[in-house]
Structures are given as C-alpha cells and as structure tokens.
1. Roughly speaking, what is the stretch gain from E116 to H371, that is 0.36 nm per residue apart minus the C-alpha to C-alpha distance, in nm to one decimal?
2. Taking a ≥ b ≥ c as the square roots of the Cα gyration tensor eigenvalues, with a/c under 1.5 meaning rounded and otherwise prolate when a/b beats b/c, else oblate, which class fits the stretch 51-139?
3. Check which residues have an amide H placed less than 5 Å from A67's amide H, if you skip close sequence neighbours.
4. Can you give me the Cα centroid spacing of the stretch 127-170 and the stretch 295-333 in angstrom?
5. Measuring from label point to label point, each 7 Å out along Cα→Cβ, what is the L217 to T150 span in nm?
6. Counting Lys and Arg as +1 and Asp and Glu as -1, what is the net charge of the other residues whose Cβ lies under 12 Å from the Cβ of E95?
7. If you build a Gaussian network model of the chain, linking Cα atoms that sit under 10 Å apart, which residue out of A338, A362, A31 swings the most?
8. Label the stretch 330-402 by shape, choosing from rounded, prolate and oblate, from the square roots a ≥ b ≥ c of the eigenvalues of the Cα gyration tensor; if a/c is under 1.5 it is rounded, and otherwise prolate applies when a/b is larger than b/c, oblate when it is not.
Amino acid sequence: MGTAIGIEAARREVLARVRALPAEEVGLEQALGRRLAVDAVADAPFQPFDNSAMDGFAVRAADIAEASGEAPVALRVVDESRAGHPAAGAVGAGEAIAISTGAMLPADADTVVRVEDTERDGADRVLVRAAVALGANVRRAGEDIVAGETVVRAGAELGPAELGALATIGLAAPLVHRRPRVAVVTSGDELTPPDRPLGPGGIRNSNSHTVPALAQLAGAEVVSVDWTPDEPAATREALGRALEADVAIVCGGVSVGPHDHVKGALADLGAEQVFWRVALRPGGPTWFGTRGEALAFGLPGNPVSVMVTFLLFVRPALLAMAGGDPAARRVAARLGAAFAKPHDRAEAVRCRLELDDRGWIARPLPRQGSHVLTSMLAADCLALVPAERDGLAAGEAVSVELLDRAT
Ligand code: AMP
Ligand code: MG
C-alpha cells in the first residue's frame, strides 16, 4: 500500500508536473479572471497631456497673485477648453481660458482657478477672487503612468482595476494564459442529483457542485461534470473521457473498499500514479497521477475531504497552469484556540479568520468531521497543523490556506 506522503511534499510533486498553459490574445470583455502572460507596458504617458483637475479658468498665476475677495482681478476670457476639445489659442498676459475638468491645459497657462473662486462679468470677462499657487489644480501629463512603465505584471489576475489599466494604455486584447480545462467525475451508486427524490440509501450529490465551483474560482474552465456508478467498466468509461481534459478530477471511490474502482480504472487507462494517500485529515486517500500532459486527481468523496484536498493539491496546480502563483493563497496566522490531534498526519482545520493588532487569527470552527459540509459555510481558511506535532497551543503560529471567498 505504501506510506502516506506529507502535504508539502505532495504539493511539490503536483507542482513539479505543471507548466503554465500557452498564451492567447483575448478581448478585454472576455479577460476578467485571466492572467497576463507578459508584462503590460505603457507606450505613452497617462494622462497624455497636462489638464485641469477642476472646472474653472486656466490662467497665468502671476496675473492673479494679488487677487482677493476685496480686490478681485479681472481677466479677459478669450476661449474655452472642453474635455476632448482643446482651446485653439494660448493664454496671454491678463487673459483666461474657461476650462472643464480633464480638458487640456492651454499653451502658456500654468494654473487653474476653480470656478467657485471666480465670478463671471459679462461674456468675455471673469473676476478672480482668490490668489492660487502656481500650478494649482493642474494634473501633469504622466502623473499616473509614464511611458515605458510596466502597468500590470505578467501573472497578475485581471480584475476590474487591471482591466481599466489595460484599457487606459490602449491594450484592447491582452496576451493571457489559456484557462486549464477541467473535467469532473463524481462516483457512487448512492449519489442523487439535487432535483431528484432520494431512493433508499441515497444521498444528494454535493461534490458535483462544490468541485466545479472551486475549479472555476481557481481560473479553470469546467468542460464536463459527469457521474459514474460504482462499477468498473462505467468508471473506466467516465475517466477515459475526463482524461481528455488538462485536469481530470474524480471524486469518491479512491479508497480501499470493494466498490472503489477509481484507482483500477486509472491504471487500466494508462495513468501513472505519483502518490496515493497523503498524511492528512481530512483527505487521506488522495490519489494523484498523470497521463501524458494530463493531470489526474482522485479525491476522497466526503464533502469536506473533497474541498480540502482540492484546495491543498488541485488549486495550486490550476493556479500555476493559468499563469498565477500557487503560493498566493497561503498566509501566516496564529491559531485562535488550542487544537489537539494525533502525531502522524497533518490536519486541515476549518477556521474563521479574525484580524487583531498583531495580524490574522485563525479560530477553529466546531464540528470538524469530514462529512460535516455545513461547517464549510462559516469557514474562510484551512489552518494546517503539521504532521509532526500533537497539536498546537492557542496563539501558536500556523500556516493557513485561504478559501476563495470574501470575508
Ligand atoms: P468514497 O470516497 O466514495 O468512499 O465516499 C466517502 C463518503 O463520501 C461516503 O459517505 C459517500 O457517500 C460520500 N460521497 C461520495 N461522493 C459524494 C458526492 N459526490 N457528494 C456527496 N457525498 C459524497
Ligand atoms: Mg463511494
């Protein structure tokens, strides 16, 4: 049967077999959640020209140095600069050009007076009631981005701000990594879809919903969600189809029971085992192997085990394939309460995160059974208590794997 592999070693074995998928150009509208394959570099400054931060008047500061409420300075209004419509001429001595927020600063103007500090005096005169500092209310070209600057780095996940930044530098179709294609198979005679009545001994198939959702949140494209009964030929058939994807994930049937056919089917299909059994609770009987370029994971079927082993072993692979950093979801925390466990395996403890002035605290949730799926509803991380410890005291440092949920 072989001895169980440690959780960090298992993760290394997985990542050693993963490469970032090839890049493709994708329109910004389709790029949310994708990861950049190359640095996005600005070829021009942003903003592209000096412009006004306020609605008001572009002036020469020297002209209004003495202006005040009691002694306003009158300037001749010679033109207007609107957003998208620069003024044709320059601001001469004793002159002003009306200007809108974001409009180009006219030539020879150095300062903008807010409209609130002025009073219009007929069509072509303005009274300035305040002296403002040289350069006030002017946004300089390149204040945000200079030409040649890397604006979004390779590997970054494209969220709203990144998409906006790419649009700003005129990158309409960024080069992003292909999403890993994931096929999910659930196995078990007892499994019943949520819209069907339960027969004798039946339970609802929750993994066929948790696992595809986890895969999508990790940046994958779920190409199929299949089910197989506990029967060797049917299992082989379902896994054969799943192995056409980049990553095949089989849930359940990887243990040692007489009706567990997944390992046998994977062997029949030419998948080579890298490890089976991880020194971990929940999630001990996890199987991992490869066939050609495809990765295959056999995850234990208990609803919590499947989520834990996905987060610890499958998600890092998907993140790396999509061009991301598999370590990005690990943070350091302190355990919020003492936790005791046997010596020989790591324990992934469902926890709620809290922040105090010294950092993150992972507070273990009650009911840690591997079948208690509702305990995942309150969890936002897994605290990883190492195999070589009998437990941890309250306040001890612990490594934490974050769930993909907003807290
Ligand atoms: P197995 O890994 O197949 O031995 O299953 C372990 C436990 O998880 C059993 O109680 C199964 O009924 C349950 N289980 C397996 N697959 C699923 C699933 N897709 N959804 C919900 N529970 C499952
Ligand atoms: Mg089963």
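Read-outs: derived from the displayed coordinates by stated rules, not from any lab. Bear in mind that the values here come from a model prediction, so they are computed numbers and not experimental data. FYI the Cβ positions are ideal-geometry reconstructions off the backbone, even for glycines, and counts take in every protein chain you see.
1. Numbers: separation 255, 0.36 × 255 = 91.80 nm, distance 6.55 nm.
Taking E116 through H371 to full extension adds about 85.2 nm, to one decimal.
2. Values: a/c = 1.61, a/b = 1.39, b/c = 1.15.
Prolate is the answer for the stretch 51-139, as a/c is 1.5 or above and a/b outweighs b/c.
3. Residues meeting the criterion, in which the H sits 1.01 Å from N, are A131.
4. Between the Cα centres of the stretch 127-170 and the stretch 295-333 lies a distance of 37 Å.
5. That separation, rounded to one decimal, is 3.0 nm.
6. On the way: positive: R60, R76, R125; negative: D63, D79, D108, D124.
In short, -1.
7. So, out of A338, A362, A31, the one fluctuating most is A338.
8. It is oblate, given that a/c is not under 1.5 and a/b is not larger than b/c.
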